[in-house]
1. With 10 angstrom as the radius, rank C:V203, C:V184, B:V228 by how many other C-beta atoms surround their C-beta, starting from the fewest.
2. Decide, for chain B, between rounded, prolate and oblate: order the square roots of the alpha carbon gyration tensor eigenvalues as a ≥ b ≥ c, take rounded if a/c falls under 1.5, and otherwise choose prolate if a/b is larger than b/c, else oblate.
3. How far, in degrees from 0 to 90, does helix A:97-106 lean away from the longest principal axis of the Cα atoms of chain A, to the nearest 10?
4. What shape does chain C take by its C-alpha gyration tensor, where a ≥ b ≥ c are the square roots of the eigenvalues and a/c under 1.5 counts as rounded, a/b above b/c as prolate, and the rest as oblate?
5. With r defined as the distance between the Cβ atoms of B:E218 and B:A46 and R0 fixed at 30 Å, what FRET efficiency is calculated, to the nearest 0.05?
6. Can you list the lysines whose alpha carbon is less than 18 Å from that of C:K249, not counting same-chain residues fewer than 8 positions off?
7. Between their Cα atoms, which of C:K140/C:K172; A:K38/A:K104; A:K65/B:K432; A:K32/B:K78; A:K84/B:K203; C:K251/C:K274 are more than 23 Å away from each other?
8. Indicate the gyration tensor shape class of the protein assembly as shown (rounded, prolate or oblate), computed on the Cα atoms with a ≥ b ≥ c the square roots of the eigenvalues: a/c under 1.5 is rounded; otherwise a/b larger than b/c is prolate and the rest oblate.
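Quick note: the coordinates plus some simple rules give every number you see, no bench work behind them. As the structure is a prediction and not an experimental result, all values here were calculated from the model. Cβ: placed from backbone, ideal geometry, glycine included. Neighbour counts: every protein chain shown.
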Amino acid sequence: MKNLTFSLLLLTVFSLNSFAGDGDKIPAATVKKLDGSKVNSNTFSNNGKPIIISFWATWCKPCKKELDAIAENYGEWTKETGVKLIAISIDDARSSGKVVTDVKTKGWEYEVYIDENQDFKRAMNVNNVPHTFLVDGLGKIVWSHNSYSEGDEDKLYENVKKLIKGEKLEH
Amino acid sequence: MTLSRFFKSSVTAAFLFLISLKPFKGFTQNVSDEINSIHGNFQIDAQYYNADSLIGAPKVPEKMLSNAFGNINYQKGKFSAGMRYEAYNNVMQGFDARYKGQGITNRYARYQDKLLDITIGNIYEQFGGGLILRTYYEPGLLYDNSLDGIRVISNPYKGITLKGLVGKQRSFFTVGQGIVRGVDGEVNINEILDSLAKNIKTKVIVGGSFVSKFQIDEDPHFNLPQNVGAYGGRLNVIRDGFNFFGEYVYKENDPSVANASSVEGKNYYSYRHGEAAFMSMSLAAKGISFMIQGKRVDNMSFRSDRDATLQNLLINYLPATTRQHTYLMPAYSPYATQPKGEVGGMAEMQYKFAKGTLLGGKYGMDITLNASMANGLKVIGVNDSSSYSTLYTTNYSDVGEQYYHDYFIEINRKFSKKIKGTLMYANQFYNKNIVQYGSPNAGYKNIVSNIIVVDLTYKYKPGSAIRFETQWLGRDNKDTLNLGSWASELIEWTPTSNIFVAVLDQYNYGNPVESLKLHYFLVSAGYTSGPHRISFSYGKQRAGIFCVGGVCRNVPASNGLAVSITSSF
Amino acid sequence: MKISLILISILVCFGCVSCDKVNNPIQSEQIIVSNRKVLLEDYTGHQCGNCPNAARTAEQLSAQYGANLVVIAVHAGFFTKLNAPDFVTSYTCQVGNDWDAASGGFGISSAGNPNGMVNRKDNGSGLIQKETKWGSSIAKALQAPDLCDMWLTLNYNTISNTLNTTVKTKFKKTYGSNTKLSVVLTEDSIIGPQKDYTQNPDVITNYVFMHMLREGINGSWGDPLKYAPIKYADSVTLSYNNFQVNAVKYKPNNLYVVAFVYDATTKEILEVEKAKVIK
C-alpha cells in the first residue's frame, strides 16, 4: 500500500513536468572504447549531423543482421547525409572479447563502444536488443525502434533523410 | 532494518524534493546544453495456462500468471534519479514464488561531476570483468542482485578511477542479510603518462579490487567467519587488433551451503580458500580474427548470504567460456560455470571470404570455427577429520571429469540480393549429472548431440521476407531419461517490417516412449511500432530444468496463450 | 584533490575490515536449556538427490536438541514425481501440497529442494531456509520467550483404527493476534527408494524415511484456536474424535500426531507438541 501511494505520488510529480519523451538529450553513462579508454555517452557528437545509436550484442543474431544490412550501404549513407552510426555492445565479460573480432572480421566501419555492465542500456531504457535510436544534429533523441526485421534498415534510412530535410519522422 | 527503512525513506524524500523543483526552475531557465530528460520503459508478460498431462504441464490454479515491470529514469544536468516498479500476480511458472505481489524494488539518486560521482539507492556496478563483484539486472531471468547502498566514484587524476561501495543486496522484495563492501582502483597507464605516451600505440590498463562481506554467525555448531574477504587484480593490454585481458581473484575461507558436504553421514563445511582466473586474448584484422579464452575456477561461489542458492545474492560473476547459442537446438543443453570447480577454454576463428572470390561469391561469405570445453578439477581428498576444515584440495597440473564440449562451424552467405542463409553444424558433449544436478552420481548418462541448423531468408520485396529454419538434434534414442532426438521447423513471415507471423514445430520423434513422440506446436505473431512491441504466442513449450550449485528448479512444460508487451519512451 | 584524499583514506579503512580466518571450525557443544519446542519442516522428494543431506542435518539436530525439536518431512513438488521402475509409490499428501503451493502456500519447491522452515519464521534471510541455516534458526527460536504450554492426549482404538486427539493449550502471556491450531499425522521408518547423490549408484532402494507428513487431522490450515485475543493464563482445549486412520497404508505403530499453534496472520508457529499414536 505504501508503495502504491509512493508510485502514485511519483506519477503526479512526473506529470507536472510534462513528459519530454522524444526530443531529450542522450543521458550520461560511461562506456568503453575498443582501446580501453572510457567515454561519457553525453559527449557523443557528429558535427551537427544525425547519429544512429544501435544497441547490439555478439550473441544476438538479429542485431548482427541489422548491422550487416546497414554496413552494405553505410558508405552511401554517410556520403549522402553525413550520418554516423554508433554501435553499443552490451556484451559482458563472457563475450566482450568477441566484440573486436566480430567488428573487424565483418569490416564494420562504425564507432563501437562496449557497455559492459549495461549502464548506458539502462539509462536509455532499452528492454532488449536490437534497439536503434536516431539522434538529431542537436544531440536530441528523436526516434527509436525495437527489434529488427528485414527492411527495417530502409525505413531507418528514410527517417535519416527526413530528419535532414526537417520532415516528420515515421515509425 | 530500521536503518535501511530510514535510508529508503530519505532517498525517496530527496528524490521527490529534487524532482518537484524542476517545473519551477523550468520557467526561468533558458534552453541550454544541459541534459534534461525523462526516459522509461515497460514490459508486461502474461500467460494463460492449460493443463496438459501428456507434456507434463501442471494445472495452474490462477489460470493466468503475469510478470511486469516499469522503469522511470530522470536526469537533469549532473543529477539523475530513477525507480522501478515490479508486479507479479502471481509470478509465472518456472520462477521463484518469493517474487510475490508488487512494489518498488529499485530506486536511486545520483550526482556526478568531473571529480566525484555519488549514488545512493540501488546500484549496478562491476569491478573489472566481474570475477570479484558484479551487480546486474536481467529481467528475463528475474536476476537482480543490485546493491542497495552507497557508491562513490572518483577520478582524482586523469587515467585513475577509484570506486568504493557498501550496501546490502536485493533479495526478492527485500535485501539479504549480509553487508557487501568493496573498493576498486583502475589505472590507464597511457592516460597518466599523457604527453609521453601519446604516440605509443600499445594501451595498458591495470586494476585491483578488494571486496568483503559481513554476515553474522549464529550457528550453534560451527565457528563461521563473519567477515569474508576477496582480492583480485587485472591487466588489459590493447594494440590495434590485439587485445589481452586477464583477471585473478583470491577469496579467503568462506564456508557456505555451496561447499558443504557430507562426511560419514554428517554435514560439514569446507574452510578452504577460493580462487578464479580468467583470460581472453584476441587478434583481429579486416576479414580475419582469432580468439582464445581460458578460465580456472575453484570454490568461488561468493554470496552475501552463505545459505543462499541458485541465482540469489551472488556477489561475483563467473563467465562461462563457451559460446552462447541463439538457435533453439544448439541451446537445448546450455552450459553454466560450475562455481565449485572448473577448468575451461575456448578458441574461435572467424574468416570472411571477400566479395568476388571463388568461395565468397558476389556478396562474400562469413565462416566461424569454434571449439570450447570444460572439465572439473582434479580433486584430492584431505584426511583432516579432526577438524574437517579443508575436506579437499585441487591439483593445478591435471583436470578432472569432462563437463562439456561444443565444437561448431557456422557459415553465413548471401546468395543473391533476395536470398541469404546460415548453415551450422555442432557437436556437443553434456555431462547432465554435473551441469543439471551438481553431482557426479545423479545417475544420468552423458549426452552427445549432433546438431544441424539451416536458416534461409527470402526477401521477396523490399521490407517483406519469409524465413525458413530447420533444425535437427540427434541423440542416443535408447536413453529413456534424455528424450532422444528432436527435429524443429520454423516458418516466419514478415509481410512488412513491423509485423511478423511464425509457426514453430518441435518434434520429439526420437522419444523412446511411443506415446510421447509429440509435436510441440507454437504459433506466434507480433507487431512493432518504433519503441513499442506486442507479441502473442499460442501453443506448447517443452519443460526444462534449471540447476545451480546443487539446487534444482523445474521449469514445467506449458500449453497456452502468452502475451508480451514492451515499450520505452 | 582534498576530496580524493579523503576518499582514499576511506578506501584504506575499508581494507582494514578484511576477513576472519577460522582455524577451529567446530565449536564446543553448547547446551541450550529451554522449555520451548520448535518445529522444523524439511521439504523433500524421493527423486531429490541432494535431499538426504538435509535429512541428515535434521537427524543431527534432532539428536542435539532431543524433545525440544519436532521435525516434519514434507514430500511435495517436482521431485516427488513418479518414475518407473524405482519411484512408483507416491509420498505426497494434500496437506503437504497445500503448504508447498506457490499460491496460497509457502512456495518452497519453487525455490528449489531441499529447503525448509523453522517455526515458519524469518530469521534475517527469509522464511525459506537451506539446511545449513536450520541450526542457527533453531538455537534462536529456542531462546525466544516461551508463550504457551501444550498437552496432547491420544487414544487409539486398535480394532476400529480410530484416533481421538485432545489438544490442551495454556498461555503464559497475552497474545494479540488470532491463533490457529493444526493437527497432523506423521509416520516414521517407511522404507522406499530415494535418490542420494552422495552414493554411487544414486538410487538407494531401502532408504528409511523419517517424520513423513501423512495427513491433516483438521485440514491443511487447521482450526481457529480462539477468535478473541489471548490473555494471560487462557486455556483452550480442542478435541478431534473418531478420526479414521488408514491402517492399510500406514503402520499405526510408527505413527505420530504433531499439533502446533500458529499466528493466523504471520503463520509463525508459537508452540508445537508431538506424541506417539500407540505408546
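1. So the ranking, lowest neighbour count to highest, is C:V203, C:V184, B:V228.
2. It comes out rounded by the Cα gyration axes.
3. So the inclination is approximately 50 degrees.
4. oblate
5. 0.15
6. Partners found: C:K276.
7. Exceeds cut-off: A:K65/B:K432; A:K84/B:K203.
8. Verdict is prolate for the protein assembly as shown.
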